[in-house]
Amino acid sequence: MSQASSNTLHSSSMTLNRFMAMNILVFSKAGRFFAHVHGMRKVAALVLMASFVAIVPRDAAALASEPRATAVFPVELWDTSGEATKPGQEERLKLATNKLTELMEHTGRYRSVDLSPFTARIAATEPRYNCNGCWRSVARDAGAELAVLAVVHKVSTLVSSVDLYVADLATGAYIAHANAQFRGDDDRAYVRAFEFLVNERLDRK
């Protein structure tokens, strides 16, 4: 190979190497640029999402956590056992009513209203499980948005069941229903039945 050809080849090789180096540099910078842009987009998206999470759910949570005024009517007994009424049955129903009110308020979704001024009117609605909604006007007059009705069905001393209904007074619809069976016919059995009903059935819906 002549000296001239050798010099020409060497010059071409150096030119090619410079071209490749320049392209590598350009693509390297471009890659860093686009990576930077992509990173900034991810940061912006995360900031936007964080703003949404911080603002919207807080308002929604505030609304959801606001307890609604609720008329918790006295627990009723539907006795089909044919057995004689046990001593202390009225007191047991009052105990169950107080426990039910406490449990409903503890969920944070209900705020019980005072029904004591309506005692006579409430007594006139019995049995509420079979009066075609005659209790609704009492609940409204008490300033309630919701009404809670519970009835214990006694089949025998050993076997009973309890049904709990939550009604929306504005729409007239039942918005929740929970039921459970329990054994026993004493204070402890009633309290445990309502604890299970509210905590394990109603509050999980």
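The values are calculated or read from the model by the stated rules, or taken from the named source; none is laboratory data. Computed from a prediction, not measured in an experiment: that's the story for all the values here. Neighbour counts are summed over all protein chains in view; Cβ atoms, including those assigned to glycine, are modelled from backbone coordinates with ideal geometry.
For the reader, a short list of remarks on this structure follows.
- The stretch 170-192, residues that are touching a residue at least 60 places away in the same chain (Cβ under 8 Å) and not hydroxyl-bearing (Ser, Thr, Tyr): 185, 186, 187, 191
- Qualifying residues in the stretch 156-179 (those that are surrounded by 14 or more Cβ atoms within 10 Å (Cβ to Cβ) and of a type in the set (A, V, I, L, M)) - the one farthest from residue 80 (Cα to Cα): 169
- Hits in the stretch 148-183 - residues which are closer than 18 Å to residue 100 by Cα and small (Gly, Ala, Ser): 150, 160, 161, 167, 176, 178, 180
- Residue check, residue 144 part of a strand (DSSP E or B), within 30 Å of the chain's Cα centre (by Cα) and not polar (S, T, N, Q): no
- Scanning the stretch 158-205 for residues that are closer than 17 Å to residue 106 by Cβ and assigned to a loop (DSSP other than H, G, I, E, B) yields a count of 3.
- Selection count where residues are outside any loop (DSSP other than H, G, I, E, B), at pLDDT 95 or above and in contact with a strand residue (DSSP E or B) (Cβ under 7 Å, 6 or more places away or on another chain), scope the stretch 114-135: 1
- Condition check for residue 94: part of a helix (DSSP H, G or I), basic (Lys, Arg) and in contact (Cβ under 8 Å) with a residue 24 or more places away in the chain: no
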